[in-house]
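All remarks here apply to the structure that follows.
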Amino acid sequence: MVAALLVLIVVVPPLRRAAAVVTGKVILVVLSPVAPDISNFDDLATGTRVLAADGTVLAELDGARRAEPVRLEGLPDHVPKAVLAAEDANFYEHEGVDPAAVLRAMVRTAQGSLQGGSTITQQLAKLNYTKSEKTVLRKVRELQYAVRLEDRYSKDELLERYLNQVYFGEGAYGISAAAQSFFGVAPEALSPPQAAVLAGKIKSPEILDPRKRPDRVKARRDQVLRNMAKQGWLKADELAGALAAPIELTPATAATAARAPHFVEYVKREAAGIDELGGSPESRGKQLFTGGYTVRTTLDPKAFDAAAKAAQTILGRDEDPEVAVATVEPGDGAIRVLYGGRDFANRNFDLASQGRRQPGSSFKPLVELAALRDGIDPRSTFDASSPKQLEYKGERYTVNNYEGKGGGRSSIHDAMTDSINTVFAQLILRVGPPDVMKVAENLGIADVEKNVGTRPAIALGGLRKGVTPLEQAAAFATFAARGTYAEPYAIESITDRSGRKIYSHRRQSSRRYEAGDVGVVNAAMVSVVTKGTGKAAAIGRPMAGKTGTTQNYGDAWFVGFVPQRSTAVWVGHPDKIVPMTDVRGRPVTGGSLPARIWAAAMKPAVAGLPAEPVYTASPDSLGLERIDGRRSGPTGSSPPSSATSSTLPPSSTSSSSVPQTESTEPSPLPTLTPSSTTTRAPARPASSTTSSSTSTTTPPSSSTTTATPTSSTTRAP
């Protein structure tokens, strides 16, 4: 019977309306026995609470833009009619399902034009029960809920609920909030063209933004107005006047600032990728705002407050550079701090997770790790003089140390401690940029091929696109976790308004490097803080880190960690590179203000955590080859050190003649072929690096001794 009625709808135009009504009634009868419970529909969908890790409220996602519900009888007739013209002109005639609209949608979709076929009742079912997932099962369940809603509520009640719940963009849910947000009036004062603008936005509230795409919004508004006239809801003269009316908007108002607003925005972006909230990023965003969820996050309020206070106390003046801070829990990936700058109200952009800048010398630990993987002992020495001329394919390049100083010979380890550019420029010419690219990829640096590239300048942080503080924190967390990389995340769990947990985060982590490898690099980074360029970051407990300063003082970093937390601090100007040669009377290097901010932020943040030693290891256990030809190991000239030591293994070949100052970014350098007199151990075999969403890998205990790989051990490159 249903098939016959559908044929009438398609091939007999005069009978389409009647056949559609009858078909809707048949569907109503068929689905009624299996229609689900809708007892909670009377509760208007509420906003979602975002909680910190300790349960304190960070934000009510829609609290600023949800106005008092309106009554249908209090609205001028053209307001609901505009919504009907835009979404469901036959609303008062069908039984919750409009077969004609469904068929039109199927035909137009087959022709390549996406066309919705849902009635307002089905949309209510989708908003309140099926979470907008794009599956056949969802469509069936949507019909079931629509049948029950039509059976229990009147058309006016359903339309009123829709007007109070539907999303209009800019965080405005319901016609009352939308009228105020876009036109600065109560919904009762909306004119026909204003009502048509809002009704037209329902189809795609973010894309049809009158502030960004006025031409598209006007075209959609005019389409809605013509539909109203076609239905007899606007007279000819009213239509002409409405079509000629300009779209005049009230100034946009900033959303109410939440605690940790940049982190809350990150939570929204992460939620857009969670399938449990719906079938598309747009539908997930709507569901997040209207579903009445409780979202428990990873933010540590005490640590966040400490970071914000440190940034604002040390660099809080309007003329000061901006500060971004990100903290990640090693081995787990939980984002404990995300401070994206002090100017959230005027710059809705998170410098901590979205701002990409050159890392400078803070990239050197990745280069040393690549050298270890290539069999090079970090006690190998290089000429540390400055300036140094390097040649590649017939072209000569000049590299300088800090303010042109330098001299003597320096080991790789000491060059890390004192951030000597000329040593690392020579080192990458021997290691090769591709090996450093692989390390960057394994440590979570995004889009490595396009970002890092194959230029030797990456030894000193010369990337194409730069890195974010969050990427830096996660990369260094891998050193803290003895080679285990964990994908950063912000959402721990989501609970619906009935108290049912619909989502729990599954840690995504995997071992990328052996503990012995990262332990050797950690030893060098411990020295950065105890006697090198990062002494200002010391917090009275074992820690490690690296400073970074780019050319002309454009960006400054300190990235460091204790075993339980990894934190990156960036200082600079967000809109363009401005030389920070005179900030509070001195130039800004990574070892100055960023290191001070790091210490001020981290000391209170870790006060309640046990002071554990940073895991370090000696090169003696790794079977490396010194570039100067002397074999390292138990019989070499350098004695082994404890694996839990917080000092660098002594080196008999290092030079103290190089000043312990922060270095700056050189000009881009190409690859140089190693000298024929150099001897080195062959690169160790690599193992494939994989990530599992169910991995339970955790950092080894701090009391673990120096890792000594067996002959069968393989490592990631």
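The values are calculated or read from the model by the stated rules, or taken from the named source; none is laboratory data. None of these values were measured; they are calculated from a predicted model. Note that we place each Cβ from the backbone using ideal geometry, even for glycine, and neighbour counts take in every protein chain shown. Accessible surface is based on the protein model in full, side chains and every heavy atom, while ligands, DNA and RNA are left aside. Shrake-Rupley method; radii C 1.70, N 1.55, O 1.52, S 1.80 Å.
For residues that are outside any loop (DSSP other than H, G, I, E, B), under 21 Å from the mean Cα position of the chain (by Cα) and within 17 Å of V562 (Cα to Cα), tally how many sit in the stretch 298-310.
3
Hey, any hits in the stretch 620-641 for a residue that's of a type in the set (A, V, I, L, M, F, W, C), surrounded by 24 or more Cβ atoms within 10 Å (Cβ to Cβ), touching a strand residue (DSSP E or B) at 6+ places or on another chain (Cβ under 7 Å) and modelled with pLDDT of 95 or more?
no
Going by the conditions given, is G548 open to solvent by less than 10 Å² (accessible area, probe 1.4 Å), assigned to a loop (DSSP other than H, G, I, E, B) and within 14 Å of S362 (Cβ to Cβ)? Show your work before the answer.
Details: open to solvent by less than 10 Å² (accessible area, probe 1.4 Å): yes; assigned to a loop (DSSP other than H, G, I, E, B): no; within 14 Å of S362 (Cβ to Cβ): yes.
No; evaluated as a whole, the condition is false for this residue.
Checking G407 against (1) open to solvent by less than 30 Å² (accessible area, probe 1.4 Å); (2) touching a helix residue (DSSP H, G or I) at 6+ places or on another chain (Cβ under 8 Å); (3) of a type outside the set (D, E, K, R), only one condition comes out false. Which one?
Answer for G407: the failing condition is (2).
Those residues that are among the hydrophobic types (A, V, I, L, M, F, W, C) and either touching a Phe, Trp or Tyr at 6+ places or on another chain (Cβ under 8 Å) or touching a residue at least 40 places away in the same chain (Cβ under 8 Å) (or both), I need them from the stretch 226-242; list them, please. Walk me through it before giving the result.
So in the stretch 226-242, the residues among the hydrophobic types (A, V, I, L, M, F, W, C) come out as 228-229, 233-234, 236, 239-240, 242.
Residues satisfying the conditions are M228, W233, L234, A242.
Can you name the condition, by its number, that P433 falls short on among (1) open to solvent by 10 Å² or more (accessible area, probe 1.4 Å); (2) over 22 Å from S566 (Cβ atoms); (3) at pLDDT below 90?
Result: P433 fails condition (1) only.
So in the stretch 225-265, with the set limited to residues that are in contact with a strand residue (DSSP E or B) (Cβ under 6 Å, 6 or more places away or on another chain) and not hydrophobic (A, V, I, L, M, F, W, C), which one is modelled with the lowest pLDDT?
R259
If V328 satisfies all but one of (1) of a type in the set (V, I, T); (2) over 32 Å from the mean Cα position of the chain (by Cα); (3) more than 21 Å from T589 (Cβ to Cβ), what's the number of the condition it fails?
Against the list (1) of a type in the set (V, I, T); (2) over 32 Å from the mean Cα position of the chain (by Cα); (3) more than 21 Å from T589 (Cβ to Cβ), V328 comes up short only on (2).
Could you figure out which of (1) touching a Gly at 6+ places or on another chain (Cβ under 7 Å); (2) part of a strand (DSSP E or B); (3) more than 17 Å from A601 (Cβ to Cβ) isn't true of W557?
(3)
If you go through the stretch 526-538 one residue at a time, do you hit one that is open to solvent by less than 20 Å² (accessible area, probe 1.4 Å), farther than 17 Å from R482 by Cα, assigned to a loop (DSSP other than H, G, I, E, B) and touching a Gly at 6+ places or on another chain (Cβ under 7 Å)? Steps first, please.
Narrowing the stretch 526-538 to residues open to solvent by less than 20 Å² (accessible area, probe 1.4 Å): 526-529, 532-534, 537.
Filter again for farther than 17 Å from R482 by Cα, leaving 527-529, 532-534, 537.
This time we only want the ones that are assigned to a loop (DSSP other than H, G, I, E, B), so: 532-534.
Checking which are touching a Gly at 6+ places or on another chain (Cβ under 7 Å) leaves us with 533-534.
Yes, the stretch 526-538 has at least one match.
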